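The values are calculated or read from the model by the stated rules, or taken from the named source; none is laboratory data. No experiment lies behind these values; they were computed from the predicted model shown. Every residue, glycine as well, gets a Cβ built from its backbone with ideal geometry; the counts of neighbours run over all protein chains shown. The protein model used for the area step is the full one, side chains on, heavy atoms only, and it has no ligands, DNA or RNA in it. Shrake-Rupley method; radii C 1.70, N 1.55, O 1.52, S 1.80 Å.
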Amino acid sequence: MTVRDSNGNELQDGDTVVVIKDLKVKGSSDTLKRGTSFKNIRLIEDDEESIECGSGRNTVVLKACFLKRS
């Protein structure tokens, strides 16, 4: 499985990614701001290019098209 970020770079487990635009979190009033960094991502076996990221005690699932590798 190959997952690519918004710039076309291939992502792998353990990479660090940055959010490229403000995103609303479903089921919450929180917003992920542009520039938020996530370390040690985990790729998910899914139909879409999804990535699981840790945000403090919470886990967030994001689409790769809203991320770039840093």
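Miscellaneous remarks
- Listed by position, the strands (runs of 3 or more DSSP E) enclosed by the chain that each have at least 3 residues that are surrounded by 14 or more Cβ atoms within 10 Å (Cβ to Cβ) and in contact with a Lys or Arg (Cβ under 8 Å, 6 or more places away or on another chain) are 17-19, 50-55.
- Listed by first and then second residue, the pairs with beta-carbon distance under 9 Å, at least 6 apart or on different chains, first residue in the range 10-36 and closer than 17 Å to G54 by Cβ and without any contact (Cβ under 8 Å) to a residue 24 or more places away in the chain, second open to solvent by 50 Å² or more (accessible area, probe 1.4 Å) and of a type in the set (D, E), are K33/D22.
- Checked against the criteria, G56 counts as at pLDDT below 95 and on the phi > 0 side of the Ramachandran plot.
- Scanning the range 1-58 for residues that are of a type in the set (D, E) and more than 14 Å from R69 (Cβ to Cβ) yields D22, D30, E45, D46, D47, E48, E52.
- Matching residues, the range 24-36, being of a type outside the set (K, R) and modelled with pLDDT under 95: V25, G27, S28, S29, D30, T31, L32, T36
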